[in-house]
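Only the coordinates and a few stated rules stand behind these numbers; no lab work does. Because the structure is a prediction, the values reported are computed rather than measured. Heads up, the Cβs are rebuilt from the backbone with ideal geometry, glycines too, and the neighbour counts pull from every protein chain shown.
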Amino acid sequence: MVGKGTLLIILGFSLIFGLASQYWNRTSTEATENFVDYYDSTAAHNIAVSAANIAADSIFHDPSNTHLNWSGSFSGGTYSFSSEWNVVDGDSDVLVTAIGTYPAMYGNIVDTVQVLLSPCPFDRYAFFSNDENSTYWITGDTLTGPLHTNGTLYVSGVPVIKGSATSLNGTDPAKLPDTNGDTLKCTSYQSGVNIPIPSSLTATENAASKVFSNTDTYSRDTYDVYLTFNADGTVTYHTTTVTYPVVSGRRRKTTVTTQDSTVAVSTFAPSGVALVVNGDVHVQGVLDGEITVAAEQGVGSSSTNWGAISLPNYITPPVKNGNVLIDGSITYKNNPQNGPSTDMLGLVADNSVMLTTQSTQNMTIDGAIFAKSGEFLYQNYNGGSPMGYLDLYGAITNNIRGAVGTFSGHTLQTGYNKDYVYDSRFATTAPPFFPTTGQFQILAWRE
């Protein structure tokens with residue numbers, strides 16, 4: 001016979017196990033439901049991620065196709081994605097919105113992924129050329145950052161590229177290393193890559209909020225704007241205009257120079273772009289701020305526009321304009337190599353970006369350079385005595401690779417030795433409205 005105490009114990013355990021059994025059953029059910037919910041949510045998310053990748057890949061393969069609106073079935077659910085131009089702080093980017101939908105136990109689960117694609121500026125390359133002009137990268141040449149040419153990459157000795165190297169037409173010698181030991185030290189190399197230089201600078205020019213314009217129809221290099229950047233965040237500028245009026249059947253040279261004006265850089269060009277139309281622009285000084293300085297070749301930049309009256313023998317026909325001329329060192333007030341800096345300079349020329357004969361020993365240039373149809377060069381590269389080092393911190397894009405000096409073996413004879421260092425900020429950003437490659441890069445990915 002079971003005692004009363006024992007019976008109570010048995011009844012107590014029965015109650016406990018009964019309640020526990022209900023808890024265990026409920027926990028098991030909830031765990032199953034949680035697993036199903038997690039599976040369904042993950043499926044919806046994966047569909048959205050896949051749709052975002054499809055959209056980004058479509059734009060990468062066809063950069064002109066930036067207005068997307070697709071939908072369809074995928075992996076047991078449905079997807080859709082669309083894209084639109086998104087303007088933030090003056091930068092125009094493409095925003096892709098991808099949506100994944102998956103049927104769940106209590107209704108559809110929807111997940112959204114957004115991708116911000118930014119037009120890829122030319123300053124992503126430390127050095128870019130459309131044509132290397134049969135100029136060799138040689139032993140002692142060191143480039144920090146990516147290199148690209150749409151021509152042939154000429155190699156002699158052991159130049160060092162601290163980044164990737166790409167070209168359209170391979171290398172010369174065709175096989176590296178060759179029997180002479182010529183080789184290219186770089187993180188990676190790929191041939192067959194073509195990145196065309198744009199035929200116009202419309203986007204940069206249209207963004208200009210400060211415009212200097214020469215209205216002389218027959219002008220070539222007869223209109224110059226001089227900019228000197230000051231460390232207090234201002235810029236001092238004036239213009240010089242040269243005309244050749246006809247006097248008694250002969251053209252006479254007349255020069256007019258305006259007085260200096262000084263204003264804050266942000267006031268001088270609020271959009272961040274200053275443009276010279278039908279002339280050249282000269283730059284030097286210490287920049288505190290962000291600006292792109294551009295020079296556009298005028299419609300009168302042709303020798304056929306000088307009219308029926310010939311120039312006298314003592315007047316040399318001017319060369320075409322649309323150049324950026326560097327008269328002296330131009331540096332950032334806040335050196336990005338020493339710490340955070342928002343100072344950023346773009347020099348954009350329809351034709352060439354040139355160090356002038358006014359340049360001094362051991363020049364320093366901070367900025368991104370772009371020469372659409374010309375070169376980056378030193379005007380007197382093959383004359384005079386050695387000028388020391390040209391220290392450039394930034395990026396160079398030129399149609400034809402220009403020269404800054406001449407060498408005998410590895411010894412400088414005239415012009416400058418090169419010391420080019422890539423501004424790593426340009427891997428993700430650029431001076432205001434700097435020319436772009438027509439390709440896109442992922443700026444942000446939000447899930």
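Give the peptides 267-277, 388-398 in descending order of average Cβ contacts within 10 Å, highest first. If you can, show how the numbers build up before the last one.
Values: 267-277: 20.9, 388-398: 22.5.
Ranked from most to least packed, the peptides come out as 388-398, 267-277.
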Exposure proxy check: Ser167, Ser134 ranked by fewest other beta carbons within 10 Å?
Ser134, Ser167
The summed charge of the Ala52 Cβ neighbourhood (under 12 Å; Lys/Arg +1, Asp/Glu -1) stands at -2
Which shape class applies to segment 368-425: rounded if a/c is under 1.5, otherwise prolate when a/b exceeds b/c and oblate if not, where a ≥ b ≥ c are the square roots of the Cα gyration tensor eigenvalues?
oblate
Which of the lysines could be linked to Lys175 by a straight reach, that is with a Cα gap under 18 Å, when you skip same-chain ones fewer than 8 residues away?
Lys185
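Counting other beta carbons within 10 Å of each residue's own, what order do Trp85, Trp137, Trp445 fall into, fewest first? Provide the component values of the computation, followed by the final result.
Numbers: Trp85 10, Trp137 25, Trp445 14.
Going from sparsest to densest Cβ surroundings: Trp85, Trp445, Trp137.
Arrange the following residues from fewest to most other Cβ atoms within 10 Å of their Cβ: Tyr38, Tyr223.
Tyr38, Tyr223
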For segment 329-423, shape from the Cα gyration tensor axes a ≥ b ≥ c, cut at a/c of 1.5 then a/b versus b/c, turns out oblate
Could you tell me whether segment 53-204 comes out rounded, prolate or oblate from its Cα gyration tensor? Rule is a ≥ b ≥ c as square roots of the eigenvalues, rounded for a/c under 1.5, then prolate if a/b exceeds b/c, otherwise oblate.
prolate
